[in-house]
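Structure, as structure tokens:
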Amino acid sequence: MNISRRDLALTAAGLPLVAIAVVRLAVPDRSRLRPLSVEAIQIPSEPIKNGQSIERSFEWLPPEDVYVVGWGPRANAKGSGAEMTLFTPGPPAMLLFDYAEDGRPNRNEYAAPGTGFLVRKGSPVKLRFRLNNGGPDSMTLGGVALIYFVPVAGN
């Protein structure tokens with residue numbers, strides 16, 4: 001039996017393709033990446049007098065049923081002791097995340113892997129911002145809260 005160089009070259013070129021096809025069929029498809037979305041709630045700066053306490057609330061309505069999987073709080077007044085809380089008003093109220101500005105670098109917080117807080121379309125998520133001024137009259141400098149979420153459909 002004689003094998004021509006042409007047949008040998010075609011066989012050598014075809015074997016890797018067959019190997020790739022076998023591996024693709026044998027190995028299960030990995031899970032898809034979830035479509036993570038980010039929504040920002042802006043906290044405006046405002047004047048605050050010595051000894052004054054300010055508490056402001058902001059609402060975010062999810063565009064559809066979502067899982068809130070994390071957040072990124074940012075209080076612009078570093079070391080101010082500003083408190084930010086993300087919660088659903090309920091009933092019953094559900095605390096999602098809280099944060100107190102203590103001068104450390106800003107941090108993101110996430111739910112445990114593979115989990116999240118279910119928030120239905122039309123149910124608001126509230127951000128509460130509190131600041132107590134123990135110094136001279138100044139500005140709150142505001143901040144922002146980033147809400148990380150994925151849609152319920154398909155996840």
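Shown for 20, 147: other C-beta atoms within 10 Å of each C-beta, ranked fewest to most, produce the order 20, 147.
Peptides 37-43, 132-138, 77-83 ranked from most to least packed by the mean count of surrounding Cβ atoms within 10 Å: 77-83, 37-43, 132-138. To test your reading of the geometry: what angle, between 0 and 90 degrees and rounded to tens, separates the Cα axis of helix 5-26 from the longest principal axis of the chain? Around 40 degrees separate the two axes.
Fully extending the segment from residue 55 to residue 112 would add 17.6 nm, taking 0.36 nm per residue of separation and subtracting the current Cα-Cα distance. Pairs of Cα atoms nearer than 8 Å and 6+ residues apart set the relative contact order; for the chain it is 39 percent. Phi angles of the range 79-88 translate, via the Karplus equation with coefficients 6.51, -1.76, 1.60 and θ = phi - 60°, into HN-Hα couplings of x, 7, x, 4, 10, 10, 10, 10, 8, 9 Hz per residue; Gly and Pro are given as x.
Database remark: amide H of residue 48 closer than 5 angstrom to the amide H of 138, 139, 140 (H placed geometrically; neighbours at sequence offset of 5 or more, or on other chains; Pro and chain starts carry no H).
Only the coordinates and a few stated rules stand behind these numbers; no lab work does. Since this is a predicted model, take the numbers as computed values, not measurements. Neighbour counts are summed over all protein chains in view; Cβ atoms, including those assigned to glycine, are modelled from backbone coordinates with ideal geometry.
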